[in-house]
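Enquirer: Sending over a structure as structure tokens; questions will come in a sec.
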Amino acid sequence: METYDVVVVGARCGGAPAARLLAEQGLRVLLLDRAARGSDKLSTLYIHQPGVAFLRAWGVLDEIRATGAPPITEVTYRVRDVVLRAPGPFVGGGNEAYAPRRADLDEVLCRAAEAAGVTVVHEASVTELLDEQGRPAGVRYRRAGRWQQARADLVVGADGLRSTVAKLVSATPYAGHPRLSCCLYGYWAGVDASFEQHQSDGLWVGVIPTSGAHLVACYFRQSEFACVRVDVEGAYDRCLRTAAPSVAERLAGAERIGRLIGMGDQQNYFRTASGPGWALVGDAGHHKDSLTARGITDAFVQADLLARAVADAGSLRPARLDAHLAAYARERDRRMMPFYRSTLAVARLDVEAERLAELRRVAGSPELCARYGAAVAGVLTPEEYRLHDAALAP
Ligand SMILES: Cc1cc2nc3c(=O)[nH]c(=O)nc-3n(C[C@H](O)[C@H](O)[C@H](O)COP(=O)(O)OP(=O)(O)OC[C@H]3O[C@@H](n4cnc5c(N)ncnc54)[C@H](O)[C@@H]3O)c2cc1C
């Protein structure tokens, strides 16, 4: 049996940085993923400025830029007649967001993990946890038709929405909320557009510049999912023409690359983030509607928090480790909960008169636009944004 200090299950934006940061502490880390290396993943790609600050701090931002993903320094948000231009906030030495292709992002993160000494193994599917005196002591996985086992003191589940690790440790779900939206997106070549968001009642369109193309996403209420899935092309077209007619016009002269991709399973939940000898990072432990594009940045935050908690424990001895993993779980909730609540509010896709009036007021003030951009990026919590906004209100 192979022996490590930590096994991380899931080698994308939660697992790969977590593995890397733990290896940099001198721990022997195995990173497993059942997907093929370099494979794609459902995503509209956008990484907010605080997420980009992690990429910069981790020394991989130049590799991300080299994928051809252009810097994004402003968002244009259009709701009915209101047009608001919000600059990206400066965080950790820059004000750019990026939307790299997921296969590129995840590969850059895996390479950085390998460079830190992590053993990275793809096409390895974890099915069971090893057990020693009631705590996980490693994993059993299947690779190339063979069963293998790896022993470890800490098992990290970074295995996404349908996490096997979360199931195997019986992580308790809480703060759940019914699904709110569903989405369709496609890639387009030859579009003249920057980073744009358009909203009308029940519909939302995002235009996101990525390497060599624009990703154009349409969001609908979850109650429409049954209709959307039977006529994907019609629903996408209708959403564009209703919520973003200027985008529909520009796409008429552009070329779509590939088919439309859809996602109806936009779950909203928290799961207990840690227990004796285990922790969850990223979607495995917390997922929310993708409309606010927070998942990648949040996965980075959690990878960083977990690595700090393990460093603070200073040892993988059960009592110390578990206490610090519990602290990680508390801090994860403290950091994620405000943005979870604001995401649930936005993903309803309602355009209330009150919200429209607020956006109109913000649009008229460069200072409020900058505050709005900082709130969208997650630099200000919704509470901080509202307090400041109230102070500026006439
Ligand atoms: C439609 C859509 C659009 C989105 N758009 C954005 C966006 O614009 N910006 C943003 O920040 N976020 C976005 N997100 C969310 C973002 O994609 C996720 O939050 C993010 O990928 C979570 O990363 P993760 O590492 O936790 O999990 P994942 O990226 O899901 O990776 C989990 C990995 O675990 C592996 N795995 C699973 N089970 C096992 C097993 N048993 N054994 C071994 N490996 C296993 C999988 O193969 C997978 O590679 C979007 C999500 C969706 C669905």
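The values are calculated or read from the model by the stated rules, or taken from the named source; none is laboratory data. These figures come from a predicted structure and were not determined experimentally. Note that we place each Cβ from the backbone using ideal geometry, even for glycine, and neighbour counts take in every protein chain shown.
Enquirer: Anything in region 161-179 that is buried (at least 22 other Cβ atoms within 10 Å of the Cβ) and either more than 12 Å from the ligand (Cβ to nearest atom) or in a loop (DSSP other than H, G, I, E, B) (or both)? List them, or say none. Before the answer, list the steps.
Expert: Of the residues in region 161-179, the ones buried (at least 22 other Cβ atoms within 10 Å of the Cβ) are 163, 165-166, 169, 171.
Result: Ser163, Val169, Ala171.
Enquirer: Could you name every one of the helices (runs of 4 or more DSSP H) located completely within region 49-117 that has at least 1 residues being within 12 Å of the ligand (Cβ to nearest atom) and of a type in the set (A, V, I, L, M, F, W, C)?
Expert: Numbers: elements: 49-57, 61-66, 102-115.
Passing ranges, in order: 49-57, 102-115.
Enquirer: When residues of region 258-268 are filtered for being surrounded by 13 or more Cβ atoms within 10 Å (Cβ to Cβ) and either farther than 8 Å from Arg179 by Cα or free of Cβ contacts under 8 Å to residues at least 12 places away in the same chain (or both), how many remain?
Expert: Residues meeting the conditions: 5.
Enquirer: Is it true that some residue in region 303-312 is within 16 Å of the ligand (Cβ to nearest atom), assigned to a helix (DSSP H, G or I), modelled with pLDDT of 95 or more and not hydrophobic (A, V, I, L, M, F, W, C)? Reasoning before the result, please.
Expert: Let us first name the residues in region 303-312 that are within 16 Å of the ligand (Cβ to nearest atom), namely 303-307.
Filter again for assigned to a helix (DSSP H, G or I), leaving 303-307.
Pick out the ones that are also modelled with pLDDT of 95 or more and you get 303-307.
Filter once more, keeping what is not hydrophobic (A, V, I, L, M, F, W, C): 304.
Looking for residues that are within 16 Å of the ligand (Cβ to nearest atom), assigned to a helix (DSSP H, G or I), modelled with pLDDT of 95 or more and not hydrophobic (A, V, I, L, M, F, W, C), one finds at least one in region 303-312, hence yes.
Each row is one residue, and each column tells you yes or no for (1) modelled with pLDDT of 95 or more; (2) within 16 Å of the ligand (Cβ to nearest atom); (3) over 19 Å from the mean Cα position of the chain (by Cα).
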| site | (1), (2), (3) |
| --- | --- |
| Gly202 | yes, no, yes |
| Val230 | yes, no, yes |
| Gly253 | no, no, yes |
| Asp289 | yes, yes, no |
| Arg294 | yes, yes, no |
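Yes/no per residue for (1) under 24 Å from Thr272 (Cβ atoms); (2) acidic (Asp, Glu); (3) in contact with a helix residue (DSSP H, G or I) (Cβ under 8 Å, 6 or more places away or on another chain):
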position	(1), (2), (3)
Ala323	yes, no, yes
Arg330	yes, no, no
Arg335	yes, no, yes
Tyr340	yes, no, no
Leu356	no, no, no
Pro366	no, no, no
Leu380	no, no, yes
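Enquirer: Still on this structure, please answer the following. Report whether or not Leu154 is within 22 Å of the chain's Cα centre (by Cα) and buried (at least 17 other Cβ atoms within 10 Å of the Cβ).
Expert: It is false that Leu154 is within 22 Å of the chain's Cα centre (by Cα) and buried (at least 17 other Cβ atoms within 10 Å of the Cβ).
Enquirer: Test of understanding: among Arg143, Arg78, Arg85, which residue is surrounded by 21 or more Cβ atoms within 10 Å (Cβ to Cβ) and of a type in the set (Lys, Arg)?
Expert: Values: Arg143 fails: surrounded by 21 or more Cβ atoms within 10 Å (Cβ to Cβ); Arg85 fails: surrounded by 21 or more Cβ atoms within 10 Å (Cβ to Cβ).
From the options Arg143, Arg78, Arg85, the qualifying one is Arg78.
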